[in-house]
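Below: the structure, in structure tokens.
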Amino acid sequence: MTVQDHLRQAHQNEELAQKLANQPLEAYGWAITVMFYSLLHFVDAYLLERHQIIPRGHTAIWDRRRGQRIPGRNDYIKQYLPQIYEAYKIFYYASRRARYEGAYLTLDSVRYYQNLKNNEFASAREFFRRLGW
Amino acid sequence: MKGLEKIKDALRSLKKIDGVESCFLEEETEDIIHIYTITRIVKYDLDKRIFQEYAELEKRFPHVSFEFLITSQPPSPIAEVVF
């Protein structure tokens, strides 16, 4: 994917997340997951444009053949995007819990979703907005 | 105390957080470590508190690549019990 492809995907996901959270769907788990993937594509656009990096996965892996650690996206964010690292980490975990554990199926989940949206997503999004994205 | 023991020791601070039931650690290599904190309830404030502890851990062990999770399900059987 090019930088522009990542940005298009990020914006599309951002819009979709709103629709998922609103009535009639109120699918907060999916809204959280899609917000996570919006951030992921902003991150990938940034890493590609600024550092020519294409992450191979979320987390570091050990390359047995070469005997070295291959950093994951989470490691690159820690190194190159410390401003959004804490926010991203919470989304990474929350989207996993949404997908594999059905953690946000109750009506009470709206509060969790709103907190994530208004705090973590808003702060990370603001960082990318300042780049004109 | 070896590196992994120091990490386990630091993780025990999670015990004092109301809502945290247990903690597991899985060592992929000595500098790639997965941390699983088990909670049965899903609350934003609880998760934020756990992530504060995770952030402290990362500051103390900057050379380690952590994967931090909070989950209601115990991880794979090869993960070690921290508490």
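Among the residues of the stretch A:40-86, write down those that are hydrophobic (A, V, I, L, M, F, W, C) and over 19 Å from A:Q9 (Cβ atoms).
Correct list: A:A60, A:I61, A:W62, A:I70.
When you check A:I61 against the structure, is it modelled with pLDDT of 95 or more and of a type outside the set (F, W, Y), yes or no?
no
Mind listing whichever residues of the stretch B:8-34 are touching a residue at least 60 places away in the same chain (Cβ under 8 Å) and more than 14 Å from B:I70 (Cβ to Cβ)?
B:K8, B:R12, B:K15
So B:K2 clears everything in (1) surrounded by fewer than 16 Cβ atoms within 10 Å (Cβ to Cβ); (2) more than 11 Å from chain A (Cβ to nearest Cβ); (3) closer than 28 Å to A:Y28 by Cβ; (4) at pLDDT below 90 except one condition, right? Which one?
(3)
Among the residues of the stretch A:4-47, what is the count of those that are crowded, with 16+ Cβ neighbours inside 10 Å, more than 13 Å from the chain's Cα centre (by Cα) and assigned to a helix (DSSP H, G or I)?
Matching residues across the stretch A:4-47 total 6.
For the list (1) crowded, with 18+ Cβ neighbours inside 10 Å; (2) within 14 Å of chain A (Cβ to nearest Cβ), I need the number of the one condition that B:L11 fails.
(2)
So, in the stretch A:1-55, exactly how many residues are without any contact (Cβ under 8 Å) to a residue 12 or more places away in the chain and charged (D, E, K, R)?
Within the stretch A:1-55, residues that are without any contact (Cβ under 8 Å) to a residue 12 or more places away in the chain and charged (D, E, K, R) number 4.
Taking the options A:R65, A:R96, A:R50, A:R111, name whichever one is surrounded by fewer than 22 Cβ atoms within 10 Å (Cβ to Cβ), assigned to a helix (DSSP H, G or I), more than 11 Å from chain B (Cβ to nearest Cβ) and of a type outside the set (S, T, Y).
When all the criteria are applied, what remains is A:R50.
For the stretch B:18-56, give me each residue that is among the hydrophobic types (A, V, I, L, M, F, W, C) and either more than 7 Å from every other protein chain (Cβ to nearest Cβ) or assigned to a strand (DSSP E or B) (or both).
B:V20, B:C23, B:F24, B:L25, B:I32, B:I33, B:I35, B:I38, B:I41, B:L46, B:I50
Can we say B:F66 is in a strand (DSSP E or B) and either within 11 Å of chain A (Cβ to nearest Cβ) or of a type in the set (S, T, N, Q) (or both)?
yes
Could you grab me the full set of residues in the stretch A:47-86 that are over 20 Å from A:F127 (Cβ atoms) and among the acidic types (D, E)?
If the condition is that a residue be over 20 Å from A:F127 (Cβ atoms) and among the acidic types (D, E), then A:D63 is the only one that fits.
The values are calculated or read from the model by the stated rules, or taken from the named source; none is laboratory data. Since the structure is predicted, the reported quantities are computational estimates derived from the model, not experimental observations. Cβ coordinates were reconstructed from backbone atoms using ideal geometry, including for glycine residues, and neighbour counts include every protein chain displayed.
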